[in-house]
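A quick write-up on the structure given underneath.
The values are calculated or read from the model by the stated rules, or taken from the named source; none is laboratory data. Owing to the predicted nature of the structure, the values given are computational and were not obtained by experimental measurement. All Cβ positions, glycine included, derive from the backbone under ideal geometry; neighbour counts span all protein chains shown.
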């Protein structure tokens, strides 16, 4: 492994973390949205779900652009700088409709950027001794680390800088990530073989269909995983408030611990993903999630909830890694579009999850956890008979590729 590869991976991970610092900065400032901007609860919800919707819709465009360019690092830098500009716009918002508008623009800019970063992570991992799964895991851990830092930045700086100042800081951090990415010569992914592009344009329809099914399969896995997590975001605070009368404090502790577990799992779980068939891991991980959610629904109390949710969060990063490793099996010349479509489908979970979770909890109470456990269990059962499907799809799409040691069976 060359020093250039090592610095390229390090720069990408740092840029990913920087992008996600600003992402969670708005969460602690929800009361300011309602007080300063007079936003209703519905408008606040639209600011968050609208971000996810705009991000999902923009990802196919980002995937197309990264496949069309010979300088993905430049596209990534532009995407991060555009994201920073939308954060600046939010910083100077003076009305609720402006907050909503800038959140939509922020989501679109980040949606264009994400397939680029995934493509860079996948290609850099494949070109290094670490491998795709491990670099993807580090990428996920870096993103989560940035998310954890966001609320801490608010706590430290908001009393001194106010709403505008903290988001200007977030914009600067995001832009620096883009400049850092631009300043490095990542030649391993900047100069694709022209022959590869020719092959991509000449794939038969059957091969394209097989790749679409492959990407869709792992996108649905990620969609379900995202929806279950996102459903917990409104449900857990509401339930803890009913249990303890202080949902804010308990939620902060439990979610911080859960994100820390996710970060560690994503960072260090790649060896597990590399060693077994991908859909076999999906079966086990969804089963673990089902057990954790069932424990929360069956055994009332803070201790049971904490234990069940931490068990759930152990499985979350495993599914995160499996889904992205599955998309990384797509030939490099098509991988940007693959990640774009993947993001469009999988991010639907972040849009519908909170809505379904809140509505279900309002009507069913703690039974919602048992319903979520049933969803995870059904996903595990559905994945079990499909364990050999990725290998068959790859054999159809890329018949000359050696799939025995890695692709869908034991990952690349």
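Can you name the number of the only condition in (1) out of contact with any helix residue (DSSP H, G or I) (no Cβ under 6 Å at 6 or more places or on another chain); (2) within 27 Å of residue 119 (Cβ to Cβ) that residue 69 fails?
Of (1) out of contact with any helix residue (DSSP H, G or I) (no Cβ under 6 Å at 6 or more places or on another chain); (2) within 27 Å of residue 119 (Cβ to Cβ), only one is false for residue 69: (1).
Does region 64-80 include one or more residues that are outside any loop (DSSP other than H, G, I, E, B) and under 20 Å from residue 148 (Cα atoms)?
Scanning region 64-80 turns up at least one residue that is outside any loop (DSSP other than H, G, I, E, B) and under 20 Å from residue 148 (Cα atoms).
Among the residues that make up region 99-111, is at least one of them crowded, with 19+ Cβ neighbours inside 10 Å and either closer than 30 Å to residue 271 by Cβ or touching a strand residue (DSSP E or B) at 6+ places or on another chain (Cβ under 8 Å) (or both)?
yes
Just to be sure I understand the filter: pairs with C-beta atoms under 6 Å, separated by 6 or more residues or on different chains, first member in region 296-317 and assigned by TED's automatic domain parsing to the domain that holds residue 284, second member assigned to a loop (DSSP other than H, G, I, E, B). Which pairs pass?
Hits for this filter: 297/366; 317/269.
How many residues does region 32-77 contain that are within 20 Å of residue 122 (Cβ to Cβ), under 16 Å from the mean Cα position of the chain (by Cα) and surrounded by fewer than 20 Cβ atoms within 10 Å (Cβ to Cβ)?
0
Please verify whether region 181-196 includes one or more residues that are within 30 Å of residue 93 (Cα to Cα) and at pLDDT 80 or above.
Yes.
Got a sec? Which of 90, 80 is touching a helix residue (DSSP H, G or I) at 6+ places or on another chain (Cβ under 6 Å), under 16 Å from residue 34 (Cα atoms) and buried (at least 24 other Cβ atoms within 10 Å of the Cβ)?
Just one listed residue meets the conditions, 90.
Which numbered condition trips up residue 213, out of (1) more than 23 Å from residue 343 (Cα to Cα); (2) modelled with pLDDT of 75 or more; (3) assigned to a helix (DSSP H, G or I)?
(1)
Closer than 19 Å to residue 348 by Cα, assigned by TED's automatic domain parsing to the domain that holds residue 155 and either in a helix (DSSP H, G or I) or modelled with pLDDT of 90 or more (or both): does that describe residue 59?
yes
Just one of (1) closer than 28 Å to residue 130 by Cβ; (2) assigned to a helix (DSSP H, G or I) trips up residue 233, so point out which.
The single condition residue 233 does not satisfy is (1).
Mind listing just one residue for me: the one in region 256-278 that is assigned to a helix (DSSP H, G or I) and more than 19 Å from the chain's Cα centre (by Cα) and, of those, surrounded by the fewest Cβ atoms within 10 Å (Cβ to Cβ)?
Looking at the filtered set, the residue picked out is 271.
Across region 20-44, what is the number of residues that are assigned to a helix (DSSP H, G or I) and either touching a residue at least 12 places away in the same chain (Cβ under 8 Å) or touching a helix residue (DSSP H, G or I) at 6+ places or on another chain (Cβ under 6 Å) (or both)?
Summing the residues that are assigned to a helix (DSSP H, G or I) and either touching a residue at least 12 places away in the same chain (Cβ under 8 Å) or touching a helix residue (DSSP H, G or I) at 6+ places or on another chain (Cβ under 6 Å) (or both) in region 20-44 gives 11.
Take residue 379 and decide whether it is crowded, with 22+ Cβ neighbours inside 10 Å and either outside any loop (DSSP other than H, G, I, E, B) or in the same structural domain as residue 140 (by TED's automatic domain parsing) (or both).
Judged against the criteria, residue 379 is a match.
Which residues, taken from region 9-31, are at pLDDT below 85 and more than 20 Å from residue 126 (Cβ to Cβ)?
Scanning region 9-31 gives 22, 23, 24, 25, 26, 27, 28, 29, 30, 31.
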